Structure formats: structure tokens, C-alpha cells
Amino acid sequence: MFITSHGHSDVGFVRDTNEDSFVVDEIKGIYAVADGVGGLPHGALASRLAVRFFGTLVRGTDTCSTGAEFREIAHLVHQNIVECGSLVSGENGIGTTFSGLRIIDGKLLFAHVGDSSILLKNGEGLNKISKCHTLGDELLDKHGPEAARDMPEHYMHTLTRCMGQDIDFEVDLGERELILGDVYLVCSDGVTNMVEMPKIEEMIADMEPEPLVHALVDLANQNGGTDNSTVVCLKVS
């Protein structure tokens, strides 16, 4: 079984800086996307620390082959960001989303916090396998679609969990068997807010990972580019 992968990030047309970060390491089976939290200082630093700490912690161990071990790695990443945040930003701290993948022993593990998206394209079509940790999504989960009627728009962008803030939270974990033909995408919300799922699915069918991630980021920019856009893609062949 062979993994082809690629990642790409762009600042977009509105933001002055790119606060997204990503890592692609096929040798160690490490992939991640992090998006610095708006409204908190040093978003670019927070996201960069998340992917670097993740890479360093996994590369420095022979474990991280189970969900429990991945949870421990994710919480170590979080604690390291909390400590760095207190140094550069005092009580405010810093914050970032984090969506990390680990490929080992013929399976894919993922750990997720925030509102980036982990997507899987397989024989059942394109589906989102992560949840968004926003106030809006939590209200929809609790009260159903009728909650959307009177919901302020900013609720869908108000995070309830992120790495770097000194509060307790659960990391979402998942595990998938690697199957020939499967394609995984990890996208920051700058992409998923600008490109609809049917279009993403159409593009996956026609492209390999490297041209696909560039095309998705380019399309997000063509559709407005209101945020930083980042995509990491893995294809199992």
C-alpha cells in the first residue's frame, strides 16, 4: 500500500498574514493542519507551534499507534502551546485549531480540535469525518435544525475548543482502516467556507493530491479568498 500526499497554504486576498500551518511527512506518516484562532494574538505562532510540536513528539517516539497514545500526544501539544502562550501573551494566551493524522500499521488515526475539516472520499462518496467545535454546531447538535432560525451568524465561527487556551477539553479521536482508492483531505475553514462539498468531490475524482490541493486553494481564492486557505491531501493506492 502506497500513500501519495501533498499540502499547500495561501494567505488569500483579505488577510495580511497567513495564520494557517501544515505538515506533511510521508516517511513518519504525520499530517496536520492548524489554523490560528481569530481574536487571539499570535495566531500564526500558535498554529506553527501546533504542527511542529506534533511532528517532534511523534518523530521522537515509536508509539502513537493507538487512539489513547494519540490523545496523549495531542494533550502534550496543547500543554506546550499553553506554556508558550503564557510567555508571549500573558493571561490571554494563544490558540489554534488542530487536525492531525497518523498513518501506522495499515490504519489512519486522527485527532481533531476546532473547525477545520477532515474529509474522506471513498466508495460511499465524500463525507466529513470530523466535527466542528463551534457554538453554532453545538446548538444544532443539541436542538436540531430549528436552532438555526434565530442563531447569530457569528455563532458558526465561535470556537468552543481550541489548543492553547488553559481550559480542559476533549480531543475528538478516530480510526480508519486504509483502503485502496481512499482519499483524505484536511482543510482549514478558509477552504470549506468558500468551496462547496459537491465541487470538492468533483475535483477529487479528476486530480492527484498535488494538483488537487493547489486547485482547491486557488478556487477558494477565486470565490473570495476571505481567509487563509490550507489543504493537505492523502491518497491510498
Within segment 33-90, the residues that are in contact (Cβ under 8 Å) with a residue 24 or more places away in the chain and charged (D, E, K, R) are ASP35, ARG48, ARG52, ARG59, ARG71
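Yes/no per residue for (1) among the basic types (Lys, Arg); (2) surrounded by fewer than 24 Cβ atoms within 10 Å (Cβ to Cβ):
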position: LYS199; (1), (2): yes, yes
position: GLU210; (1), (2): no, yes
position: HIS214; (1), (2): no, yes
position: VAL217; (1), (2): no, no
position: ASN223; (1), (2): no, yes
position: ASN228; (1), (2): no, no
position: CYS233; (1), (2): no, no
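Table: residues versus (1) touching a strand residue (DSSP E or B) at 6+ places or on another chain (Cβ under 8 Å); (2) more than 19 Å from LEU234 (Cβ to Cβ); (3) at pLDDT 95 or above; (4) among the charged types (D, E, K, R).
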site	(1), (2), (3), (4)
HIS78	yes, yes, yes, no
GLU83	no, yes, yes, yes
SER89	no, yes, no, no
GLY95	yes, yes, yes, no
LYS107	yes, no, yes, yes
ALA147	no, yes, no, no
ASP150	no, yes, no, yes
HIS154	no, yes, no, no
GLN165	no, yes, no, no
Given the conditions (1) under 30 Å from GLY85 (Cα atoms); (2) out of contact with any Gly (no Cβ under 7 Å at 6 or more places or on another chain); (3) buried (at least 17 other Cβ atoms within 10 Å of the Cβ), every one holds for ARG161 apart from (2)
Among the numbered conditions (1) crowded, with 16+ Cβ neighbours inside 10 Å; (2) within 18 Å of GLU177 (Cβ to Cβ), tell me where ILE129 comes up short. (1)
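The values are calculated or read from the model by the stated rules, or taken from the named source; none is laboratory data. Quick caveat: nothing in here was measured; it's all calculated off a predicted structure. Cβ coordinates were reconstructed from backbone atoms using ideal geometry, including for glycine residues, and neighbour counts include every protein chain displayed.
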